[in-house]
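Asks: What follows is a structure written as structure tokens; I'll ask about it next.
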Amino acid sequence: MFGKALLWAAEKPRVERLVAQGRLTRPVVKRFVAGDHLEDAIRVIQELNSKGIRGILDLLGEGVTDPAGAKAAAHEYLASIERIEQTGIESTVSVKLTQLGLAFDKGACIDHLRVLCAEAHAAGTSLEIDMEQSEYVTDTIEVFRLLRTDFTDLRLAMQAYLRRTPVDLEGLSEARPRVRLVKGAYAEPEELAFQRSAEVDGQFRFLTDWLFEKGELPGIATHDSELLEHAKGAAERTGTARDGFEIQMLYGIRSDLQETLAAHGFRVCVYVPFGSAWYPYLMRRMAERPANLRFFLRALVRG
Ligand code: FDA
């Protein structure tokens, strides 16, 4: 119940003002976000790289509503790609298509993304596309399909909680897509998304098997030990080496496990968010875990 309330609050600017002004929410933010600036995230990824872990750079922000905002976001993504090349860090860049204008100008969003893919390719890295709320799923898949023709290392996040995802994946099977499989982080209605964790986990396992059979370099993005064990089993069954699939996790969550897996030869990638627009991201992390929520509410009340 708390989780649903937080996902609701994640989209409310008035609650955002209240939370953002709370002095003591800072330590909570710090746990999940590298910092306000690109250089903060670069430093975190350098540290991760020194432990054999790759980075996934994430510029915080979503739901841009005008062309100038989309252009500014594209510019910041370009700066991230440039810094990856200059510093030589091992990292991809994850993009949210609503930051590039998907909600109001799909053509411009595709143009921005094409430039970013080309620049990333030239810089020796690649892009990943986050999956956002259900209203954007059809367009996001369409944009991925279009760009995937020229940029085969482009990765798309797909959500196991959505009932439609097996059909969507099957529709992409000819392309042997690179997918990041996640449970799904938004508040979605029952008609569209499984609500019970047993159902989400069941579909996650089914999709994991699918990716090991029909996808390329599967990306299994979860902190859930049982689902990670399932992925390791699928890798063994299909003869996939430990570095032949990715285990992706979020910055600040199960860091010990990230290091242990990397030390055992698994290809571990950590999603490192940076920027000042951290509010919706933080609320989604709070919604995932009651223990975080208690810590957070205490900080909010005191702040
Ligand atoms: P679950 O939430 O069941 O957690 C399993 C265990 O992990 C918990 O018992 C706990 O030990 C630990 N844990 C999980 N969350 C925690 C937290 N917040 N704090 C502390 N411990 C925690 N979603 C989406 O809709 N679109 C996207 O593009 C992405 N992208 C993405 C990239 C990457 C790299 C990851 C790891 C996740 C995403 N997500 C996402 C988020 C995803 O949908 C999901 O909400 C979170 O990963 C949490 O789900 P778990 O699979 O970890 O399981």
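The values are calculated or read from the model by the stated rules, or taken from the named source; none is laboratory data. Computed from a predicted model, the values in this text were never measured in an experiment. Positions of Cβ are backbone-derived with ideal geometry, glycine not excepted, and every protein chain shown enters the neighbour counts. Note: accessible area is taken over every heavy atom of the protein model, side chains too, but ligands, DNA and RNA are not part of it. Shrake-Rupley method; radii C 1.70, N 1.55, O 1.52, S 1.80 Å.
Asks: Give me the residue from the stretch 206-224 that is part of a helix (DSSP H, G or I) and either without any contact (Cβ under 8 Å) to a residue 12 or more places away in the chain or away from the ligand (no atom under 12 Å from the Cβ) (or both) and, out of that set, surrounded by the most Cβ atoms within 10 Å (Cβ to Cβ).
Replies: Among them, the one singled out is L211.
Asks: Show the residue pairs meeting these rules: Cβ distance below 7 Å; 6+ apart or different chains; first residue within the stretch 256-278 and under 18 Å from A41 (Cα atoms); second residue part of a loop (DSSP other than H, G, I, E, B) and small (G, A, S).
Replies: Qualifying pairs under 7 Å: V272/A34; P273/A34; F274/A34; F274/G35; G275/G61; A277/G61.
Asks: Now a separate question. Could you tell me whether Q195 is of a type outside the set (G, A, S), more than 13 Å from the ligand (Cβ to nearest atom) and free of Cβ contacts under 8 Å to residues at least 60 places away in the same chain?
Replies: So Q195 fits the description; yes.
Asks: Please identify the pairs in which a residue from the stretch 71-99 that is in contact (Cβ under 8 Å) with a residue 12 or more places away in the chain has its Cβ atom under 7 Å from the Cβ atom of a residue that is open to solvent by 50 Å² or more (accessible area, probe 1.4 Å) and among the charged types (D, E, K, R), counting only partners at least 6 apart or on another chain.
Replies: Taking only residues 6 or more apart or on different chains, the pairs are L78/E119; I81/E119; E90/R54; S91/R54; K96/E62; T98/E62; Q99/E62.
Asks: Sort out which residues of the stretch 135-151 are within 16 Å of the ligand (Cβ to nearest atom), among the hydroxyl-bearing types (S, T, Y) and open to solvent by 30 Å² or more (accessible area, probe 1.4 Å), and write them in order of number.
Replies: Y136, T138
Asks: Got a number for residues in the stretch 87-129 being part of a loop (DSSP other than H, G, I, E, B) and not small (G, A, S)?
Replies: Matching residues across the stretch 87-129 total 11.
Asks: For the stretch 173-188, name all the residues that are modelled with pLDDT under 95 and not basic (K, R).
Replies: S173, E174, A175, A185, Y186, A187
Asks: How many residues does the stretch 265-280 contain that are near the ligand (Cβ under 10 Å from one of its atoms) and either out of contact with any strand residue (DSSP E or B) (no Cβ under 9 Å at 6 or more places or on another chain) or open to solvent by 10 Å² or more (accessible area, probe 1.4 Å) (or both)?
Replies: Matching residues across the stretch 265-280 total 1.
Asks: For the stretch 156-199, which residues satisfy the criterion of being touching a Ser or Thr at 6+ places or on another chain (Cβ under 7 Å) and not aliphatic (A, V, I, L, M)?
Replies: Correct list: Q159, K183, E188.
Asks: Do you know which of the residues in the stretch 152-174 that are among the small types (G, A, S) and more than 9 Å from the ligand (Cβ to nearest atom) is farthest from H121 (Cα to Cα)?
Replies: Going through the qualifying residues, I end up with G171.
Asks: Among the candidates L162, L154, which residue alone is open to solvent by less than 30 Å² (accessible area, probe 1.4 Å), in contact with a helix residue (DSSP H, G or I) (Cβ under 6 Å, 6 or more places away or on another chain) and not small (G, A, S)?
Replies: L154
Asks: Right, next: Name the single residue that is nearest to I247 (Cα to Cα) among those in the stretch 175-186 being open to solvent by 30 Å² or more (accessible area, probe 1.4 Å) and more than 11 Å from the ligand (Cβ to nearest atom).
Replies: Among residues in the stretch 175-186 that are open to solvent by 30 Å² or more (accessible area, probe 1.4 Å) and more than 11 Å from the ligand (Cβ to nearest atom), the one nearest to I247 (Cα to Cα) is R178.
Asks: Something else: Out of all the residues in the stretch 149-179, which are more than 18 Å from the chain's Cα centre (by Cα) and assigned to a helix (DSSP H, G or I)?
Replies: Those that are more than 18 Å from the chain's Cα centre (by Cα) and assigned to a helix (DSSP H, G or I): P166, V167, D168, E170, G171, S173, E174, A175.
Asks: How many residues are open to solvent by less than 10 Å² (accessible area, probe 1.4 Å) and not hydrophobic (A, V, I, L, M, F, W, C) when one looks only at the stretch 97-129?
Replies: Here the count works out to 4.
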